[in-house]
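Read through the structure below, which is laid out as structure tokens, and then see the notes.
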Amino acid sequence: MASTGTKLIASNRKARHDFTIIDVFEAGIMLQGSEVKSLREGSVQLADSYARIDNGEVWLEGVHIAPYQFAHGVGAHDPNRPRKLLLNRDEITRLNARLGQERLALVPLSLYFKDGQIGRAHV
């Protein structure tokens, strides 16, 4: 039986202090295998991270997922690489239009596992 519920991996408490949160979106994250294992260990840092929209895709920047200690060579990942966020096309279009009109920032608030799905984020 699959696990249910939400397991918090990391939260960006500083974001709620430094920014006024207008809206929250839930997005999936495209991860590599060793990143998933590092997230299960809680080896992630969200401080100074942000998201950007580029060519109709949303990318998470500045998130540090520490290398998994048992992954070497081909199985290892770049800890600071940009990661694609999975949002629906309408949400991306609305966000892009709003970012073009106002001075807003896309800031990740938390990373968590939800109902056994790996890599979910509040942005």
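Full extension of the segment from Ala66 to Arg40, taken as 0.36 nm per residue of separation minus the current Cα-Cα distance, would add 8.2 nm. Using alpha-carbon positions, what is the distance between the centroids of the stretch 91-112 and the stretch 1-40, in Å? Centre-to-centre (Cα) distance: 16 Å.
To the nearest ten degrees, helix 89-101 and the longest principal axis of the Cα atoms of the chain are 50 degrees apart.
The dipole here belongs to the stretch 35-117: it is taken about the Cα centre, uses +1 on the Cβ of Lys and Arg and -1 on the Cβ of Asp and Glu, and is about 80 debye.
When you filter the chymotrypsin sites (Phe, Trp or Tyr not before Pro) in the stretch 22-106 for DSSP loop state and at most 13 other Cβ atoms inside 10 Å of their Cβ, you are left with Phe70.
When the GluC sites (Glu not before Pro) in the stretch 1-57 are filtered for DSSP coil states and for at most 16 other beta-carbon atoms within 10 Å of their beta-carbon, the remaining sites are Glu41. Rounded to the nearest 0.05, the FRET efficiency derived from the C-beta distance between Lys114 and Arg13 at R0 = 25 Å is 0.80.
Only alpha carbons enter this Debye calculation for the chain, each as an equal point scatterer, and the log10 of I(q)/I(0) it gives at q = 0.15, 0.18 Å⁻¹ is -0.69, -0.97.
For the stretch 10-63, what class follows from the C-alpha gyration tensor (a ≥ b ≥ c being the square roots of its eigenvalues): rounded when a/c is under 1.5, otherwise prolate if a/b is larger than b/c, else oblate? Since a/c reaches 1.5 but b/c is at least a/b, the shape of the stretch 10-63 is classed as oblate.
We did not get these values from a lab; they are worked out from the coordinates using the rules stated. Model, not experiment: these values are computed from the prediction. Cβ: placed from backbone, ideal geometry, glycine included. Neighbour counts: every protein chain shown.
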